[in-house]
Structures are given as C-alpha cells and as structure tokens.
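Data first, discussion second: the structure below is written as structure tokens.
Taken together, the values in this text are just the output of simple stated rules run on the coordinates, not laboratory data. What you are looking at is a predicted structure, and each value in this text was computed from that prediction instead of being measured. All Cβ positions, even for glycine, are placed from backbone atoms using ideal geometry, and neighbour counts span all protein chains on display.
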Amino acid sequence: MRVDPVTLEVLRNALQSAAEEMGVTLTRTAHSPNIKDRRDCSTAVYTPAGELVAQAEHIPLHLGLMPAVVKKVLEYYPVENLEPGDAVIINDPYISGSHLPDVCIISPVFVGDAPVAIVANLAHHVDVGGVAPGSMSTTATEIFQEGIRIPPVKISSGGRLNRDLLRVLACNVRTADEFYGDIHAQLSANEVGGRTVKELAEKWGTKTLQFYMREIIDYAERRFRAALRTIPRGTYRFSDYLEGDGITGDLITIAAGVEINDVGVRVDFTGTSPQVKGPVNATRGVTLACVYFAVKAVADPDLPSSEGIARVVEVITPHGSLVNPVFPAPVAHANINTAQRIADVILGALSQAVPGRVTAAGTGSMSNFTIGGRDARGRYYSYVETYGGGQGAKQGQDGMDGVHVNMTNTRNTPVEVIEMNYPLLVERYGLVRDSGGPGEFRGGAGLVREITLLEDAAVSVSTERNAVKPWGLEGGHSGRNSGCSIKMPGGAVEQATGKFTRELPKGATIILETAGGGGFGSPFARAPEAVRRDVKNGLVSSNAAFEEYGVALNEALEVVTEVRSKKSDV
Amino acid sequence: MKVYRLAVDTGGTFTDFCLLGEDGELYITKEPSTPDDPSRAVLAGIDKILRERRVGFAQVGLLLHGTTVATNAILERKGARVALVTTKGFKDVIFIGRQNRPHLYNFRALKPDPPVSRDTVFEIGERITADGSVSLKPRSAEVEAIARKIKENGAESVAVCLLHAYINPAHEILLKKALERLLPHLFVTVSSELLPEFREYERTSTTVINAAVRPLIDGYIGRLEAALGSEGVGSKLYIMQSNGGVIATAQAREQSARTVLSGPAGGVLAGLRLAELTGYRNLITADMGGTSMDICLIHDGEPRFSTEGMIGGCPLRLPMLDIHTIGAGGGSIAWVDGGGALRVGPESAGAVPGPVCYGQGGTEPTVTDANLVLGRLDPAGFAGGRELQPELAVRSISEKIAVRLGLTVEQAAEGIIRVVNAGMVRAIRVVSVEKGYDPRDFTLAAFGGAGPLHAVELARELGIPRVLIPPFPGVTSAWGMLSADVRRDYSQTYVADLTAEAYAVVKSRLAQMAEQGIKDLERDGFGVEEMGFVSQVDLRYKGQSYELTLHVQGGPSGEAGVEALTEGFHRLHRRHYGYRRDGATLEVVTLRLAVTGRLPGMKTGTLPEGGASSACEGRRVYLSGAYRVVPVCARRQVGRDWAVKGPAVVSQADSTTLIWPGDRARCDRWGNIIIETGCCREG
C-alpha cells in the first residue's frame, strides 16, 4: 500500500478524536476529584501489537507511561489469547507505571475475530490503600506501605465484570464508592474509544486502518528526527539536586548526559544517586516521561504523542538508581518533586546545545500543601493543593509569573472555594516581589499563599528549591528559593523547612512561598524600560533594580542612572 | 405606512444589512467595514439600503445591531485604561489566573495579559467572610486615598471586585457610591452587580473586561445615536448580546461586556428561526467564513448556553450561546510539515493579503485556492464581483504542496479540502458526540461564505442525513438578528444542600430576581404581558466542581418540588455524563433568571408557487479524483419547485453550494436549499 499524505492526516485526526472522546468520557464520569477536576488521566489508542498511535494527555507525566504499559501487559496476555469484551487492569509500578494510584485499564478492539487495535486509559485514583489517606505517604520506606499492588489481571472477561476481583480491590481502599465509580468510568471510556475505532475499521477497511496506524507512528518518528536535526550533534552533561527523600535532608544527585547523534537522542543517567529510602524514587516510566517532555518541548512542542517518540529517544537508567529503583523501593512522591528535577536536568543539558530554545530552571516542585482535620461541626476534611511558581526565563521572553511548570499543569483552588469548604482563612494569595531571577529576561515570580487555621489541624508541606535555587542561563541569575514560615497564635514566627508534617493550633498562620524562575542573560543587558516597568508594577523593588540590574530610578520612577558593569565599579 | 426592521452586523471584512418589511419582504446589502470607526460603514449602509428601497427613516421600527467594538478592543488590547480595586492581599488574583499554562509543551505560549496593569490595581483593607459576615469594614480615609491614586494614574474606568461580594455586596456598593462621588467623570463597574457569582478570578476578569470596554461602547453608541437621532431611529436601537438576545442602549453602555462574545450569536438565531420554520428542530449550525468556523448545536429547537466563555484567553462568565469556534476557513493556509503530512491552518491568510488567487500578494496556498483549482468556485463571480486568478492558485499549490508530496495539482487541492474537512468534522463531534448527541439525528445548516461549499462532505462524514442552505448564506448572521428579542440575565450564587428549606429560599430569591427583571424591562418599555421568564438553577452532586443547569419554572414546592428537581438532575446528568448517582446529596450553586421582552412578531417571506429553474450551464469540476462536467445554476433562479440530482453547483454573489453525486436537492417555500445526502444512488 502506498502512503497517501492526505489519508494519513485525515485518519490521524480521526484517531486523535477517538482518544479525546475517551478522555471526555473519563473526566465526565469519574468520581475522584483527581480525575474529574485536576484531569490527572490519559487515554490512548494502540496497534494490536501495543504500539501507541494517538494519545490525549492532560498532564505531561503520562507521556512516558502510556507508550510502555500496553506492551508490558501483552507479555502477560498475548493479544491472540484475548477476546472481545476483555479488559486488563494494572497499577504495579514495577511492571509498568509511576505510582500505585495511577490505575490503567486496557481493552482490545475486535472486528469479527480479529483484533484491530487496543485502547487504554490511565487515571489517578484518590486512594489505593496504604498507610496514609490518599496513598501518598511522605515517609514510606517500602512500596507495601503505599497501597495495594495490582499485577496485570483481567477485570472483565468476554464482557463479564470480574466482581470477585473488584470486591478484593475495593476492600483494600479507603474510598470504595469512588473506586467503583472510577473503574466504571475507565471501562466506559474504553468502550467509547473501542466503538469509534471499530467504526473507522468498518469504514476504511481493517487493512487500511492498520496500515495507517503504523504509518502515523512512522510519521511522528520522521517528524521528530527532522526536528532533532536542528540541534547540534554532541554530548551535553548536566546535574542537579533533590533536597532529601523525606526521611533525611541529604542532597540527592540527578545527573545525565544527553547525546544528540545522527539517529536521535541518547540519554544516560549514569552518575545519578542510588535509590533512596524515602518515596521519591522515580520508576523508569516516570523518568521516560520527563525525558520525552523535555526533548519534545525543545524540538517540536506540537508533535503528536505516539510510539514514534520512543523510537527516537534511547534512555539508559542504571538499575537500582533514583531514576530506575529496584523493588520494593517506595515511589509515590516521585511525581511531585523528582519528576520536576529530572526534566530540569535534561533541559539544563540541552541548554548547552540550543540555549535559545530552553528555559532557565523554573519553580522546580509541584509544592504540595495539605491541611487536614475536623471542622467546627466535627466533620473530617482534607485540603490538598499543588502550587505553581515562576517559570524560567528564555531567549527573548520573561518567564511567566505564578504558573505550573514541567510535568504538571493542574489548576489552583479559588480562595472563595477554599473558605467555603474548609475551616481556613486565606490572608494573602499573590506573587512574590524580587523572586524572579534577574536577567536580560527575568525569571517568573513565585507564589505566596498565607492561610490561617480556624481549627486545630495537621499541616503537611512538600516543596523543593529551598536550598538549591533555580538556576539561570547565559549569565542570568537564579530565582529566589522557596520558603515556609509559621506565625503562631501568640505572634511568634518560626521558620520551617521545605518538607514537614506537624500538628498546628487554631489561629496559626502558614506562609508558603514557592521559588521564582531563573533569569536568562545578564541582568545588565536588560532594557532599562523593562526594569522600570517591573518596578512600577511592583514585581521588582527599586533596591533590586539598582543592585541587580544597575538601574537607578527616582521617585517618579524615571531612570536616572544606568550602571552597566560589575557592581564593584559603582 | 409599512413598517420595517433593520439588522446590521459588523464583520471583519463586510458589514451586512438586512431590511425586513412587515409583509415579509427582505432586502440585503453589504458595505466594506471601516475598522478604525465601525460606525462609518454602519451609517453608510443604513443610508444606502433605505435610499435604494425608498424607505423613510421613520418607517424603521427596530434597528438591531451586532457590533465587534468591544470584542476587538479586548482582542487587540485597546481597551480603556482600567483601575481595579480589590481586597487587601489579593491584587494578584487577576494575574495568577488558575496558575495553569496555556500549552503543555510550548514554553513560549504565555498566559494572557489581563486588560489591567498591576500598577493600577489597588488593595483596600476590608473583609467579608464566606458566610457573608463582615470581619473588617473599609475605612473612608483609605477609600479617599485610593480615589486620589486612581485620578493620578489617569484611569478612564474603574472595576471593583472584593472577596465574597457575591454573598454580601455591601462593601462594593459603598465603594461604588464613594468612587462615583469622588470621581464623577469615571465609569465604575462592581462585580456584585455584573456577576454575583463565586470564584474570584473569573468574576474579577469579567468585571475588568466590562470596565475596559465600557468607555468605548459608550462612545460608539453615542456616535451612532447622535447620527441616527437626527434621523429618528436612535431610540429604536438595540444591541446584540452574547446570549442571543438584544439589550437597549442604556444597558449596553453599563454592562458592555455582554456584547463581547456576540459575534457568532446571529448565526445561532438564524438556526433557531430556520428550525422553527422548517420543522427540523435538531440542527447543527456551521458558519464558515474566511478565518474561522462557528458551530452550535440546537436540540429540539433549543440552543445550549454556556457560562464558560473566554475572550483573548481571559474568562468572561456572562451567559452566552454555547458556540464552538475553530480556526478553519477559506483563508486557512495549507502546508507540508517536517514529517511529510499535509496540514491546513491554523495560520490564515486573512483578508489581506488573502488567498493567492486574490492576486493581492498572497503566496501561501489556502482552502479557497484549492476550491478554485478544483472548479468548485467560479473565478468570475466571487464575493461581490472580485475576479479570481486560478493560474496563481495552481502555481502556488503545485510548488508548495503537489511537488513536495508527489501529487498532481488536483490531488493536492482535493487533499487540502479533505484535511480542512477532517478538522471541521472533529469540531462538530465536539459539540455533538462529546455532549451525548448523535449527529445522525440532526440537520446541518451551513452558511457563511464558505460553509455551503463544504457542508455535504462534512455531513456525509458524520452520517448527517440532511443539509440546509439558507437563501443568503453570506448574510445569514444579520438575518438571524432580525428575530432577536430583548433579554436580560440575572444570576446569584447560593450554595446549599438541596432540601425543602433550601428550595423555598431558591423560589423566593428567584421571585425577587423576577421583580427586578420586571422593573428593568418596564423601563425598557415592555408590559408584563410581553415578557417571558426562564428560571433556572445550577446543581451538582455534592463534591463535584462542575454544575448542570435545570429549569425550575412553576412546579410544586416543598418536598415534591425537591423530588422533581432531583429526578430531573439525575436524568440530565445521565444524558451528559453517562450515569446517575441515586441517593447522592445534591447541591444548589447558582440561581439564574432570564427575562425576555418580546419584540413584535416577524414574518418570513415565501417564494411564489412554481418557478422551477431554467437550464443551467456546465462547468468542469473535479470530484472524487476526476473532472466531470457539472451543471452550475444561479441561486436567484432557484424557484420553489426546483429540484436537482447531484452533482450540481449553485452559485450566488457571496457563496457557492456544492451538491455531490448521489445527493438530491430541492428548494423549500422559504427559499432554503435542502440536500438529502447520499439518499439515492446516481441514476
């Protein structure tokens, strides 16, 4: 069959549509807030051999998980042994996946007796058991403490739901109602996707559909390779740090060499710290996601996600290291902090090849903030939110203020909703002045949230870039680090670290500041007018304008002096 | 004396005019738009159409106007200089937004800048808590200091949005009174009057947008009224809103943001009118012009509404018709990407330079160029007599597409059409399949300059059995506005579990809102008997964060009312989301009331009996891989008994309809072409 470039684009649209319709079904029918509001889920269509053809992802973390999972499952259940109406469930990170709350369901699609495709979806469940509610303990030391592990097993056979299995699973999770609801949502998403793909097979013919499914992957591969040819050949090395594993505060190294060669990219994490005791170990699937994210963002941000990406990027993850831990290391928190840092390392390496196409380091954490307890009427509540911060600056453009960067993109919770639902008073929600790294292009500003407890509560914070600041590029300075302090009811202020869990009394105020982004280019090269505008808008202080940028302003905010050399000359 | 109503729709390239007599007689005209001051084209066109038809100004009873003044001000960031006053500690809410970035992988895709600058945002020490109680009152000295700063900053318009003002507006009202007294020359918009709903970012954004466009709309309406007033129709002027109704000029000057998303509303009104006339009450409207396509689904004669509107990336949460817009039109540019696939859009050649075949310096092949190369467009008779140059289109498609992909020019051109259609099919699936509707149960009403050319292929792809092309596809939006009624929307956040007590509160608050509505519409000159009321409530399963809107008109009160509403919610939830959770607690979130003032009924003219068309001439058209000679009929000769078996082309001044082999087309008595797609094999 000869490839028709028009049919290729038409069928690519149709299969992408199928994946997106699965995503809509899943987010609309799920019960967990993680899936329906934060959209922590992905849906995809595959060839019968398990090669990813089209994916609708809502957060980049799933970029690396979806290409691998179906092939792994097919090792347990070869497609020729599957029947119409079968569905396989899996969440074991040590077979394929990120952490236990990410549950994947896989269904074959048949036309007559022949499998023509596979559809699958992955969704973050609100709870899968383990020592901590939400299955995200910060102090777990074995995966057994993080929840129930599900190897690839049939949850549905020939269209009949395996109720025995479901009952076993449901009695191991805290929120059984949500669990049942989410599983049903995941099954119906696959049903919707399967129906659409089947219609396509009937319309175009199975042979044509399968030919073009493979061609869509080849197309992405060709397109990605072509995009990579714009990056100079060479090997670029970079390393960065995590500030502890939740058990100790020791720095953990993530190091990578990124080789751009004639056939693609080879990323080698040799030199990365061995796996650690606490739950910040990143499974290979998470590591792959971070690498794919960074390379795609730099080379071709609009590239459709498919197996084609995996064919071009080779990733070496040393056995037993932080980026490919060995069973039974705990893994739940890799998504919050480790993933952000792995992406930073790859971007840092690529900055040596194409500095103009990379951002300086961003806020560097999903900055998780949890407050739980009982409200005045004695009802249990749990406020959980992840905070963005500054985006790193880039060639020709300042970093964005107060956004999520890298591997996540979930929305904030409105102040009015927080105060309506929880015994909390929000005192301040804003951008942090002088937190964006100075540079010709300024790093984005970090966020600050000040929350006062109206009842006693347990407070847990998990953030990064507390000690190791987000780096700048091309002479740009680093962004300001994150910080947390607690104002006690008596007025005493205590400095807190980036990761803690403690009981606090009614009336205490927690002030959490997230890190700003790094700057790009020398601050002395920044246009005085841009410095003046930042001062006028209150994002940079007059003092910093002079100290960092060498621009002195008078009271009317007119530029009076420019000192465009080393500060020692002043 | 014969009375007329006149609709004027300002578009990017042309301003369209529809003049309708009380007997159903219809006249249309177009005037090139004048973007620097849109009122010039509006006034010139009114003058032209009335003069040509020998209609006196006094005979125009209603002047219905869709304007893009506010829309363009926001999109082009040319709004007024706005000062925002907000609660201490929250000046950055408008800049942080929802903390998400607009593109997952593109570092350079930025969050939109809101239409206010951070140095003109002023915080005031005041606080109302979530239950509506006051925990800190604003001090008047601070209010005065802020007023001074606003003055120093040269702001032209003020927005006030304080935390929890939707439940207790006292502080906002206090500020409004004080600021209006201290700064009498400025417009003051307060959030609790415009959008008393929770979620501070969306409410602030809506309030700021209103503040930014108010001075512009005020000036624009002032100019129109001044020019028309002397001619006697100024008092008959109504402005189109995003919700599909019109408002009197006084309200448009205060709540100008209600006009911001009104651009595509006329097309939906046309769809509603067509559904009513033809009895095809399930209709998908597809309005395809030069740069974009607007799609709306009408189910059983009712459009869908949304409160999730956005403009230039900023939320605008006033109720609007639920219209899905994609960047696909005649000007969309075709290109070959790095992986060797043929792509179309999102870049558009726009009106300038326009498609290559315009001969105005465009070099990149567009959808219009492809249609011309395939013989689907007549080079001589395009959009108001423009002469198209097929040889330029051929050369461009050949060089930029065909040679690179190893295709003939015709294959490449056909490919461009198939690819742009694939994107439109995806968009129609978004409004239908994704919302729980089967497109096979619908009729596709296609208009705009380019819609009728693509409609049949889209319908076939989606299994839509019928396509409807209205008589004047290029001015359908203005024609739709002729049937608009006056509409005012009211809303109020009220969060409570749905119990009999809460339901009583819902009913009494809705009754209060209705009283306000009656007062407002009486001021607009309507009697109560001319008013219509739609009361609704947004509900959700407790714990969800998205709501569904249900009607609460009449019906029983107390437990029985709660039960009826609960069952209605379960059913709607199942329709939209595929399941129901019997026994789950429901939560009331927002109360909504729409009050309409019915404008005098309108009559649509019919074609005279008989009048099958005369012979059509033939043209070579490329269809499904081969040229064939296809009859080309002039639309003005399409009479009431006209019928044709495809293939055929129907051509008119501003649009071309393509009927495919296997289709059967006929004309109904209102002059609509009805195409049954693939209903019969070609004989």
Checklist outcome for this item: For segment B:350-429 the GluC sites (Glu not before Pro) that pass both the DSSP coil test and the at-most-13 other-Cβ-within-10 Å test are B:E387
Checklist entry - What ³J(HN,Hα) values, in whole Hz, does the Karplus curve 6.51 cos²θ - 1.76 cosθ + 1.60 give for segment B:438-444 when θ = phi - 60°, with x put for Gly and Pro? => result 9, x, 5, 8, 10, 9, 9
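Where both residues lie in the protein assembly as shown, what percent of DSSP beta bridges are antiparallel, nearest 5? Mind dumping the intermediate values first?
Working: 178 of 217 bridges.
Expressed as a percentage, antiparallel bridges in the protein assembly as shown total about 80.
Could you please report the charge total around A:E215, scoring K, R as +1 and D, E as -1 over all other residues with beta-carbon less than 13 angstrom from its beta-carbon? Show your work: numbers first, answer last.
Numbers: positive: A:R2, A:R12, A:K207, A:R214, A:R222, A:R223; negative: A:D4, A:E9, A:E51, A:D218, A:E221, A:E307.
Residues close to A:E215 contribute a combined charge of 0.
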Item to check | Cα→Cβ-extended label distance, 7 Å offset, between B:R404 and A:D113, nm | outcome: 4.6 nm
Next on the checklist: At 7 Å along Cα-to-Cβ for each site, give me the label-to-label distance between B:E563 and A:A525 in nm.
Outcome noted: 7.5 nm
Item to check | FRET E, pair B:Y627, B:A44, Förster distance 41 Å, beta-carbon r, rounded to 0.05 | outcome: 0.45
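Which percent, to the nearest 5, of DSSP beta bridges fully inside chain B are antiparallel?
Values: 88 of 122 bridges.
If we restrict to bridges inside chain B, about 70 percent are antiparallel.
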Checklist outcome for this item: If each part is reduced to its alpha-carbon centroid, segment A:365-434 and segment B:548-575 end up apart, in Å, by 35 Å
Next on the checklist: Net charge within 15 Å of A:M488 by Cβ-Cβ distance, Lys/Arg positive one each and Asp/Glu negative one each, not counting A:M488 itself?
Outcome noted: -2
Checklist entry - How big is the C-alpha Rg of segment A:509-570 next to the rule-of-thumb value 2.2 N^0.38 Å, as a ratio? => result 1.24
Item to check | the protein assembly as shown - charge dipole about Cα centre, Lys and Arg +1 at Cβ, Asp and Glu -1, debye rounded to 20 | outcome: 840 debye
Item to check | Whole-Hz ³J(HN,Hα) from phi, Karplus 6.51 cos²θ - 1.76 cosθ + 1.60, for segment B:110-119, glycine and proline x | outcome: 9, 4, x, 6, x, x, 8, 9, 4, 6
Checklist entry - Of A:V426, A:T317, A:G483, whose Cα points farthest to the positive end of the dipole of chain A (charges on the beta-carbon: +1 Lys, Arg; -1 Asp, Glu; origin at the Cα centre)? => result A:T317
Item to check | In segment A:146-222, chymotrypsin sites (Phe, Trp or Tyr not before Pro) in a DSSP loop with at most 14 other beta-carbon atoms within 10 Å | outcome: none
Item to check | Distance (nanometres) between label positions extended 7 Å along Cα→Cβ at B:T363 and B:D378 | outcome: 3.4 nm
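Step through the table entries B:K236/B:K603; A:K36/A:K203; B:K30/B:K236, compare each Cα-Cα distance with 31 Å, and write down the pairs that go over it. List each step's numbers first, then the result.
Numbers: B:K236/B:K603 19 Å; A:K36/A:K203 33 Å; B:K30/B:K236 21 Å.
Listed pairs above 31 Å: A:K36/A:K203.
Can you check what the Kirkwood hydrodynamic radius comes to for the protein assembly as shown, Cα pairs only, in Å to one decimal?
Details: mean 1/r = 0.0308 Å⁻¹.
About 32.4 Å for the protein assembly as shown.
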Checklist outcome for this item: If amide H atoms are modeled at 1.01 Å from N in the peptide plane, then the residues at a separation of 5 or more from B:V188, or on another chain, having amide H under 5 Å from its own are B:V158
Checklist entry - Which order do peptides A:524-531, A:106-113 fall in by mean Cβ count within 10 Å, highest first? => result A:106-113, A:524-531
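In deg cm²/dmol and to the nearest 500, what is the mean residue ellipticity at 222 nm of chain A if only DSSP H runs of at least 4 residues count, each as -39500 (n - 2.57), divided by the residue total? Please list the in-between numbers first.
Numbers: 12 runs with 161 residues, N = 570.
My calculation for chain A gives -9000 deg cm²/dmol from helical runs alone.
Under a Cβ-only charge scheme (Lys and Arg +1, Asp and Glu -1), can you give me the dipole magnitude of segment A:165-205 about the Cα centre, in debye to the nearest 20? Working shown, then result.
Numbers: 5 positive and 6 negative charges, 22 e Å.
Using Cβ point charges on Lys, Arg, Asp and Glu, segment A:165-205 gives about 100 debye.
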Checklist entry - Along the three principal axes, how long is segment A:395-494 when you take its alpha carbons, biggest first, rounded to the nearest angstrom? => result 48, 29, 22
Checklist entry - B:K48: which aspartates and glutamates have alpha carbons under 13 Å from its alpha carbon, excluding same-chain residues fewer than 8 sequence positions away? => result B:D16, B:E31
Checklist entry - In peptide A:361-370, how many Cβ atoms from other protein chains are near each Cβ within 10 Å, on average? => result 0
Checklist outcome for this item: The ³J(HN,Hα) series, computed from each phi in segment B:411-421 with the Karplus coefficients 6.51, -1.76 and 1.60 at θ = phi - 60°, rounded to the nearest Hz and given as x for glycine or proline, is 4, 5, 5, 5, x, 4, 5, 5, 6, 5, 4
Checklist outcome for this item: Zone reached by a paramagnetic label modelled 7 Å from B:K519 Cα along Cα→Cβ, restricted to segment B:118-159 with backbone N below 19 Å, covers none
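How well do other chains shield peptide B:334-345, expressed as the mean number of their Cβ atoms within 10 Å of each residue Cβ? Please report the intermediate quantities before stating the final value.
Values: counts 0, 0, 1, 10, 13, 17, 8, 13, 7, 3, 1, 0.
Across B:334-345, the average partner-chain Cβ count within 10 Å equals 6.
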Next on the checklist: As a footprinting exposure proxy, order B:W335, B:W660, A:W471 by other Cβ within 10 Å, with the fewest listed first.
Outcome noted: B:W335, B:W660, A:W471
Checklist outcome for this item: Interchain or sequence-distant (5+) residues whose placed amide H lies within less than 5 Å of the amide H of A:A117 are A:V109
Checklist entry - Suppose every K and R has +1 on its Cβ and every D and E has -1 on its Cβ; what is the size of the dipole of segment A:342-417 about the Cα centre, in Debye to the nearest 20? => result 220 debye
Item to check | Long-range amide H partners of A:V315 with built H, under 5 Å | outcome: A:V267
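Where does chain B land at 222 nm, in deg cm²/dmol rounded to the nearest 500, when only DSSP H runs of n ≥ 4 count, each adding -39500 (n - 2.57), divided by all residues?
Values: 16 runs with 205 residues, N = 683.
Taken over chain B, the calculation gives -9500 deg cm²/dmol.
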Item to check | Solution diffusion estimate, µm²/s, Stokes-Einstein, segment A:243-398, Kirkwood Rh from C-alpha pairs, 20 °C, viscosity 1.002 mPa s | outcome: 126 µm²/s
Checklist outcome for this item: Here the whole-number average of other chain Cβ atoms within 10 Å per Cβ of B:408-421 is 2
